[in-house]
1. For residues that are over 17 Å from SER3 (Cβ atoms) and either touching a helix residue (DSSP H, G or I) at 6+ places or on another chain (Cβ under 8 Å) or exposed (fewer than 10 other Cβ atoms within 10 Å of the Cβ) (or both), tally how many sit in region 30-57.
2. Among the residues of region 48-71, what is the count of those that are modelled with pLDDT of 90 or more and within 15 Å of the chain's Cα centre (by Cα)?
3. Take the residues in region 7-23 that are within 14 Å of the chain's Cα centre (by Cα) and in a loop (DSSP other than H, G, I, E, B); name whichever of them is surrounded by the fewest Cβ atoms within 10 Å (Cβ to Cβ).
4. Can you confirm whether GLY26 is assigned to a loop (DSSP other than H, G, I, E, B), small (Gly, Ala, Ser) and either surrounded by 11 or more Cβ atoms within 10 Å (Cβ to Cβ) or touching a residue at least 40 places away in the same chain (Cβ under 8 Å) (or both)?
5. Could you check, for region 20-37, whether at least one of its residues is on the phi > 0 side of the Ramachandran plot and modelled with pLDDT of 95 or more?
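The values are calculated or read from the model by the stated rules, or taken from the named source; none is laboratory data. This structure is a prediction, so every number in the text was calculated from the model and none was measured. With ideal geometry, Cβ positions are generated from the backbone for all residues, glycine too; neighbour counts draw on all protein chains shown.
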Amino acid sequence: MRSFTAVIERCAETGLYVGYVPGFPGAHSQGETLDELYENLQEVIAMLLEDGEPPLEAEFIGPQTVQVALP
């Protein structure tokens, strides 16, 4: 069993949940619900891993808060 961190966003135009695994080429999907997105991401990642362990292009570190002074 492997674990991957996915970034999840909601598209303002379509209302769909969109998720991707940072640094893992091709590991992205969408769904109408979070449950559907989760299942879709599981399928995509499993398919990508069938060809062996891909080298990750980047390592996910985490979110950071950036403060910006407004004029």
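1. Of the residues in region 30-57, 7 are over 17 Å from SER3 (Cβ atoms) and either touching a helix residue (DSSP H, G or I) at 6+ places or on another chain (Cβ under 8 Å) or exposed (fewer than 10 other Cβ atoms within 10 Å of the Cβ) (or both).
2. Here the count works out to 1.
3. Step one: of region 7-23, the residues within 14 Å of the chain's Cα centre (by Cα) are 7-11, 16-23.
Next, only the ones that are in a loop (DSSP other than H, G, I, E, B) stay: 11, 16, 21-23.
Values: CYS11: 10, LEU16: 15, VAL21: 20, PRO22: 15, GLY23: 15.
Only one residue fits best here, namely CYS11.
4. Working: assigned to a loop (DSSP other than H, G, I, E, B): yes; small (Gly, Ala, Ser): yes; either surrounded by 11 or more Cβ atoms within 10 Å (Cβ to Cβ) or touching a residue at least 40 places away in the same chain (Cβ under 8 Å) (or both): yes.
Answer is yes for this residue.
5. Initially, region 20-37 is screened for residues on the phi > 0 side of the Ramachandran plot, giving 23, 26.
Right, trim to modelled with pLDDT of 95 or more and you get none.
No, there is no match, as no residue in region 20-37 is on the phi > 0 side of the Ramachandran plot and modelled with pLDDT of 95 or more.
Residues are listed down the side, and each one gets a yes or a no for (1) part of a loop (DSSP other than H, G, I, E, B); (2) of a type in the set (D, E, K, R):
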position: PHE4; (1), (2): yes, no
position: GLN30; (1), (2): no, no
position: GLN42; (1), (2): no, no
position: GLU59; (1), (2): yes, yes
position: GLY62; (1), (2): yes, no
